[in-house]
Amino acid sequence: MDQKVNIGVVQTAPEYLNISKSLEKVESLLKEAADKGAQLVSFGETWFTGYPAWIDYCDEYAKWDFKPTKEVFAKTYANSLDINGSEIAQIGKWAKAFNLVVVMGINEKVSSGPGNGTIYNSLITWNEQGELVNHHRKLMPTHTEKLLYGQGDGAGLKAVDTAVGRVGGLICWEHWMPLTRQTMHNSGEHIHIAVWPKVHEMLQIATRSYAFEGRCFAIGVGQIMRVKDIPNELALPKELQGKPEHLLLNGGSCIVGPDGHYIMEPVWDQEGVFTAEIDLNRCYEERMALDVTGHYQRNDVFKLKTNHDRR
């Protein structure tokens, strides 16, 4: 395993609630990342097919039996991905063709069987051979997200072996769940993908703290979303009317080293595929002082058991 790894961070707007156009965009973005020398490429929280930022801006969305919100839910469900579907397989083919490890947040649905009316906030990992090697569903939808998403499980709480080291990831406020973090640290991450809607100040703190605590590289991935992406079914609040290009989500993507310091400073208010080189040896250099899975842990005092079954 090469100790030097080139990381690619995608901070571009998705094609909101449009599977076919989003899929086209994935191919072009993966090619751009590969052309820039990236070996691992990360996309933000529910990037495919867009984070529902409207839940924090449209005042009427939470009314009981409110038809516009139900219509948007149905549209989101229709434009969510089945883990066994052709889109997941196609992204794997591109990962192999471009020799990339790919980590992507998606809106996920189950097409048949139990849970076929639920949307999950999921994080998917393909290795450089195009194999789907991890499928994580967000444990707890955060605050207003509970309107759209179901609870996940522990099946994907792990790091996986890839050509660029052991790669894991968590979604948004899972980074504030201490036992979730410890479970991931125990899995031996070299590179941690932290996906967010936007990486505002407190989430920069969470990303940096995770890297410092886990003695790994943490890739904070933020997103771009404009007012014009809010579904037409929902009425805009007055302060957003007439401002189609105003950024609701303005990025903040960053790369943090195992000492908690930035390797790539936060990038705000711009789209692009941003890259930086990291050296995995630094994980072990920093674990000399702190290893929360080993010499800086008291397994004789604390016991952690994680259920990794798929619900």
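Figures for the structure shown
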{"read-out": "Ordering of 9-19, 82-92 by burial proxy (mean other Cβ atoms within 10 Å per residue, highest first)", "value": "9-19, 82-92"}
{"read-out": "Accessible surface of region 51-99 [probe 1.4 Å, protein heavy atoms]: carbon and sulfur percent", "value": "53"}
{"read-out": "Per-selection Kirkwood Rh - the chain (Cα, Å, 1 d.p.)", "value": "19.6"}
{"read-out": "Formal net charge of residues neighbouring Val227 (Cβ-Cβ distance under 13 Å; K, R +1; D, E -1)", "value": "0"}
{"read-out": "Radius of gyration, Dmax [region 44-112; alpha carbons; angstrom]", "value": "15.1, 47"}
{"read-out": "Point-to-point label distance, Ala235-Met288, nm (Cα→Cβ direction, 7 Å offset)", "value": "6.4"}
{"read-out": "Region 1-136, dipole about Cα centre (Lys/Arg Cβ +1, Asp/Glu Cβ -1), debye to the nearest 20", "value": "140"}
{"read-out": "Quotient of Cα Rg and 2.2 N^0.38 Å for region 1-123, N being how many residues it contains", "value": "1.18"}
{"read-out": "Rel. contact order, % - alpha carbon contacts under 8 angstrom, at least six apart, the chain", "value": "21"}
{"read-out": "Overall form of region 156-197 per C-alpha gyration tensor (a/c, 1.5; a/b vs b/c)", "value": "oblate"}
{"read-out": "Solvent-accessible area of Tyr77 with every protein chain in place, 1.4 Å probe, in Å² to the nearest 10", "value": "50"}
{"read-out": "DSSP beta bridges in region 1-141 [antiparallel fraction, %, rounded to 5]", "value": "60"}
{"read-out": "Accessible area per residue in Å² at 1.4 Å probe, computed on the chain", "value": "44"}
{"read-out": "Pairwise label distance in nanometres, Thr142 with Met202, each label 7 Å out on the Cα-Cβ vector", "value": "0.9"}
{"read-out": "Surrounding net charge for Lys96, when Lys and Arg each add one and Asp and Glu each subtract one, Cβ distance under 14 Å", "value": "-1"}
{"read-out": "Value of relative contact order over region 58-204, rounded to a whole percent, pairs C-alpha under 8 Å and six or more apart", "value": "16"}
{"read-out": "Rounded to the nearest 20 debye, dipole of region 165-272 from Cβ charges on Lys, Arg, Asp, Glu", "value": "120"}
{"read-out": "Relative contact order (percent, whole number), region 192-311, Cα cutoff 8 Å, 6+ residue spacing", "value": "25"}
{"read-out": "Net dipole in debye of the chain [+1 Lys, Arg Cβ; -1 Asp, Glu Cβ; about Cα centre; nearest 20]", "value": "620"}
{"read-out": "Normalised alpha carbon radius of gyration of region 200-311 [divisor 2.2 N^0.38 Å]", "value": "1.48"}
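The values are calculated or read from the model by the stated rules, or taken from the named source; none is laboratory data. It should be emphasised that the depicted structure is a prediction, and the values quoted were computed from it without experimental measurement. Reconstructed Cβ throughout: ideal geometry from the backbone, glycine too, with neighbour counts over all protein chains shown. For accessibility, only protein heavy atoms count, side chains too; no ligands or nucleic acids. Shrake-Rupley method; radii C 1.70, N 1.55, O 1.52, S 1.80 Å.
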